[in-house]
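Asker: Would you mind keeping the following structure in view while I ask a few things?
What follows draws every value from the coordinates through simple rules; no lab data is involved. Bear in mind the structure is a predicted one, so any value in this text is a computation, not a measurement. With ideal geometry, Cβ positions are generated from the backbone for all residues, glycine too; neighbour counts draw on all protein chains shown.
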Amino acid sequence: MSAMLPQPDPRRWWALAFIAMAQFMVIMDTSIIGVALPEMRADLGFTQGNLSWVFNAYVVAFGGLLLLGGRLADLFGARRVFGLGWAVLAVGSLTAGLAGEVWVELVGRAVQGAGSALIAPSALTLLMMLFGSNPRELTKAFALYGAAAPAGGTAGVFLGGVITEYTSWPWVFYLNIPVAVVTLLAVPRLMPAAPATRGSVDVLGALTVTAGLATIVYAVVRAPETGWGAVSTWLVLALGIALVAAFLAVQVRRRQPLMRLSILRTPSLAAANLAQLLLAGAWIPMWFFLNLYLQQVLDLGAFASGAALLPMTGAVMLMMVLLAPRLMNRFGPKPMIVAGMVALAAGMLWLSFVRPDGAYAVDVLPASLVAATGMSLAFIPSLGTAISAARPEEGGLASGIVNTSYQIGSALGLAAMTAVAAAQGADELGDVAALTDGFSAAFLGAAGIAAAGAVLALITFRAPRPATGALTEEQTAGTG
């Protein structure tokens, strides 16, 4: 293997820092607005009903455009698309910060989501280009990349509170701009260039899959507001499913499809993407409702609530970087994913026993650390297997698929658990007992999702113990 990389580029670790920063910012942008929403509502004239679309506009655009972003990275080069994504994110952030009306704010958030949909799959492709030929370093690179996600989620809550308290809400968006400028200056110097491949963009496929995924995400995030039993909810959901079915039909007939459907027959790729979907479907609701419990039941402020999440975030980052590679070397991906899902389910089952008069040190901290252990064990092997299962020239596509799986899982899990929590009293603001019952039900439901993920990983994951591609024993050797 040393013959393949006789003189490793010393800049690759600086490049990884920017790739991890991309993951950090993409996740942070979903969480940083939470504390700023009341001020945005007062300044821009949002109603209570449409205020949630400050979050949803980003998620719908992000989830709907990920496959297209991955395909563009394969066709035009990951470095170009990565840079383009940062430019689009900066424009969207400036628009959202300057917005004086509701519709302008939502457009800005949607543009931010589109930029993130270009950044996320191209970032993973660049990571594979930088480290894919060096088996001693690839799993460590995946670990650092994966650790950036929980860091971004917690930093969003923490920074959102600081920015809103000491400046004003537009700065939660302006924060992206200097980061984008620095990244755009660094990209030509640090990121590997890949020649554009021959091929064309499947426009009809891109339109149908983007519209289909966006419509499904729209239906899911809107369902708690309109009701899961509402006819409009199921009509919109049926439209989204029909558009995805149309996309699949188009792909069968295209000579150069947006997504080669046979890629889905790769057992390790399908199983790993299912694991990512269920992992997100459990983890994101847990994180969301834990933050609400801290603020609405334990009466912590935004700043204190963000600080309370730091031990869990720190545990995830440390275990992903230090523990997960060693365990991968010893056990391989399948046992890691199963064990991680079981631990995640156990942590959330523990959280379901939260009390109205609870204490952080008793009701939150130990259970959250158990859940963090589960996330740390399952995330790296499922992500790495999903990426490495594809052909090298389809790295962007594989990245788009796995990012889509995670985002769709996030949206489905959060919407479903929001409905569960509301049915059990989580919409009774001011009633601490009812709120706690609702949050407890959401934690219990998320535990069920994680438990289902463990069972399905046990059944569907066919990879041998020494995993293939990016997660082989050879790759994890020496990463500790």
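Asker: For segment 276-284, take each phi angle, set θ = phi - 60°, evaluate the Karplus expression 6.51 cos²θ - 1.76 cosθ + 1.60, and give the result in whole Hz per residue in order, putting x for glycine and proline.
Answerer: 5, 4, 6, 4, 5, x, 9, 5, 5
Asker: Okay, next question. For segment 263-469, state what percent of all Cα-Cα pairs lands in each successive 10 Å bin, counting from 0 Å until the bin that includes the largest distance.
Answerer: Final binned percentages: 10, 35, 33, 16, 6, 0.
Asker: Would you mind calculating the gained length between residue 361 and residue 13 on full extension (0.36 nm times residue separation, minus the Cα-Cα distance), in nm to one decimal?
Answerer: 121.5 nm
Asker: Name the shape class, rounded, prolate or oblate, that the alpha-carbon gyration tensor gives for segment 155-296, where a ≥ b ≥ c are the square roots of its eigenvalues, rounded holds for a/c under 1.5, and otherwise prolate holds if a/b is larger than b/c and oblate otherwise.
Answerer: Taking the square roots of the gyration eigenvalues as a ≥ b ≥ c, segment 155-296 is oblate.
Asker: Sticking with this structure for a sec: Hey, with R₀ at 45 Å, roughly what FRET efficiency would residue 423 and residue 391 work out to, going by the Cβ-Cβ distance, to 0.05?
Answerer: The computed FRET efficiency comes out at 0.50.
Asker: Starting from the coordinates of the alpha-carbon atoms of segment 329-410, obtain the Kirkwood hydrodynamic radius over all distinct pairs and give the value in Å to one decimal.
Answerer: Roughly 14.4 Å, rounded to one decimal.
Asker: Relative contact order of the chain, please, whole-number percent, based on alpha carbon pairs below 8 angstrom and at least 6 residues apart.
Answerer: Relative CO of the chain lands at 23 percent.
Asker: Counting C-alpha atoms alone, how compact is segment 9-192: give Rg to one decimal and Dmax as a whole number, in angstrom.
Answerer: Cα-based Rg and Dmax for segment 9-192 come out at 16.5, 54 Å.
Asker: Let me ask something else. Can you give the extra length, in nm with one decimal, that the chain gains between residue 189 and residue 226 once fully stretched, where that is 0.36 nm per residue apart less the Cα-Cα distance?
Answerer: Contour length minus the Cα-Cα distance gives 8.4 nm.
Asker: Cα gyration tensor of the chain, axes a ≥ b ≥ c as square roots of the eigenvalues: rounded (a/c below 1.5), prolate (a/b > b/c) or oblate?
Answerer: Rounded is the answer for the chain, as its axis ratio a/c remains below 1.5.
Asker: Which order, highest average first, do 449-461, 117-129, 211-223 follow once you tally other Cβ atoms within 10 Å for each residue and take the mean per peptide?
Answerer: With the highest mean Cβ count within 10 Å placed first, the list reads 117-129, 211-223, 449-461.
Asker: Output the relative contact order of segment 9-192, whole-number percent, from Cα pairs under 8 angstrom with separation of 6+ residues.
Answerer: RCO, segment 9-192: 37 percent.
Asker: For segment 321-344 and segment 253-315, what is the separation of their Cα centres, given in Å?
Answerer: Comparing the Cα centres of segment 321-344 and segment 253-315, I get a distance of 17 Å.
Asker: Another question, then. Just grab the label-to-label distance for residue 455 and residue 104, each label 7 Å out from Cα along the Cβ direction, in nm (one decimal).
Answerer: Using points 7 Å along Cα→Cβ, the separation is 5.2 nm.
Asker: Under a Cβ-Cβ cut-off of 15 Å, what is the net charge of the residues other than residue 108 that fall near it, where Lys and Arg count +1 and Asp and Glu count -1?
Answerer: For residues surrounding residue 108, the net value is -3.
Asker: Can you show me the helix-derived [θ] at 222 nm for the chain, built from DSSP H runs with n ≥ 4 at -39,500 (n - 2.57) apiece and divided by the number of residues, rounded to the nearest 500.
Answerer: -25500 deg cm²/dmol
Asker: Hey, another quick one. For segment 22-162, with only Lys/Arg (+1) and Asp/Glu (-1) charged at the beta-carbon, what is the dipole magnitude about the Cα centre, in debye rounded to 20?
Answerer: With Lys and Arg at +1 and Asp and Glu at -1, about 480 debye.
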